[in-house]
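Only the coordinates and a few stated rules stand behind these numbers; no lab work does. Note that the structure is predicted; figures quoted are calculated from it, not measured. Cβ placement follows ideal geometry from the backbone for every residue including glycine, while neighbour counts extend to all protein chains displayed.
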Amino acid sequence: MHEKPVIINPVSGNNSMKVLKYLQKNLEDKGFHYYITKEKGDGARFITERLAAAEKLDKMLLALIVGGDGTCNEVSNADGNLDRLIVGIIPAGTGKDMARSLNMTDIDDICEIQNQIYTGKANLENYVKPIDLIKISFDEGKEAKANYLFSIGFDGVVCKEVNGSRRKGGFRDKNIYITKAIEVLREKKYLPIEIEYVLNDDDSAKKTVDDILMFTIMNGRYAGSGINYNPEYSLNDGLLEGFLIKSLTLGEVTKLLWHVRVKKDNEHIISARDANGFNRFKINYMPGIKSASIKIQPPAEWVSDQEYYLNTDGEHHQIEKPDKPVQLDVLHNATFMMYIPEKKPR
């Protein structure tokens, strides 16, 4: 192992600095070095530099990330050979969905495992798994990577609103995603779209669908701060799961949230479908995605003030060329992350 940095995003959530003090006190391995980011992009730049050094030494790089989904996403967008990187998430942000998918939610458990590894009572290999990443190409030249979630449409607008609220201190609202989603629907800040899409490079199966709220494609299980969006997930099988969702009323959103947020069941993916593939929740569930090409179909006249956004792990990206395709590809086993195995019920 090369260096063991701990990257702390001080504006992630409202307790990251408390987590820092906890780690400094409770981690027995004093070989960890602590780095506090100062601005957006610092995490990616830091990991890029450390990966280059690890490459020269032919070593692996273990990095603990104190923050939320955005901080972890930033690290995965570093340049370099990401299969030399092992990320251990220590959740401190508002969004902790990637940490939930890895069962890395309890800081006491995380510290205990790190201490057992340091003292030789446990092997790091038993807590590390390869992770697929989602590569997104858009606007004819722009690229981004996602750990667990890509979404286009309504969800991208909600993501923009959530991030804008956080900059004003709104991150203290634990249900900020749901709050903003209802606000966007109620105030009609987003209009449904018509999209054309091709999955797995099969042009013969190209489809065009109208009245679409959003198209979400996932690698992880959770989204929207703990919503059980994708219960049939796998982080490293080389496949993604898609959720093509028609326009919903507030009442229909409430019904859907009852299942995915409260009951945390899988009714939204197993319910019977109509001839077009949509179920009673207006969701067309599409497992087995290796690649996707998605293009917003222009209406008769572009709405001048309608903006289009992508959501990648809670980070929004404005689409400046909405008439050009957005391309998704799975980067199979592109990096490594720590996880805590689920305890089997007795």
Legend entry - Separation between Cα centres of the stretch 248-263 and the stretch 178-222, rounded to whole Å: 17
Legend entry - For the chain, size of Cβ-based charge dipole, Lys and Arg +1, Asp and Glu -1, in debye: 1260
Legend entry - Options 319, 249, 293, ranked by Cα towards positive dipole end of the stretch 222-346, top entry (Cβ charges): 249
Legend entry - Check: the stretch 134-332 dipole with +1 on Lys, Arg Cβ and -1 on Asp, Glu Cβ, in debye: 880
Legend entry - Using alpha-carbon coordinates, inclination of helix 42-57 to the longest axis of the chain, degrees: 60
Inset, instruction - Report the antiparallel proportion of the DSSP beta bridges in the chain as a percent, rounded to a multiple of 5. - result: 75
Inset, instruction - Can you tell me the dipole magnitude for the stretch 35-140 around its Cα centre, using point charges on the Cβ only (Lys, Arg +1; Asp, Glu -1), in Debye to the nearest 20? - result: 260
Legend entry - Two-site FRET efficiency, residue 175 against residue 318, from Cβ-Cβ distance with R₀ of 25 Å, rounded to 0.05: 0.50
Inset, instruction - Evaluate 2.2 N^0.38 Å with N set to the residue count of the chain, then give the Cα radius of gyration divided by it. - result: 0.99
Legend entry - Amide H within-cut-off set for residue 86, under 5 Å, with H built and near neighbours excluded: 61, 62, 63
Inset, instruction - Hand me the GluC sites (Glu not before Pro) from the stretch 243-325 located in a DSSP loop with no more than 12 other Cβ atoms within 10 Å, in residue order please. - result: 301, 320
Legend entry - Neighbour-count ranking [beta-carbon atoms within 10 angstrom, fewest first] of 261, 273: 273, 261
Inset, instruction - Taking amide H positions as placed in the peptide plane 1.01 Å from N, state which residues far from residue 104 in sequence (5 or more) or on other chains have amide H under 5 Å from it. - result: 340
Inset, instruction - Starting from the Cα of residue 255, step 7 Å along the direction of its Cβ; do the same at residue 140; then give the gap between the two resulting points in nm. - result: 4.3
Legend entry - Estimated FRET transfer efficiency when R0 is 30 angstrom, pair residue 52-residue 28 (beta carbons, to 0.05): 0.55
Inset, instruction - Could you please rank 250, 85, placing first whichever residue has the fewest other Cβ atoms within 10 Å of its Cβ? - result: 250, 85
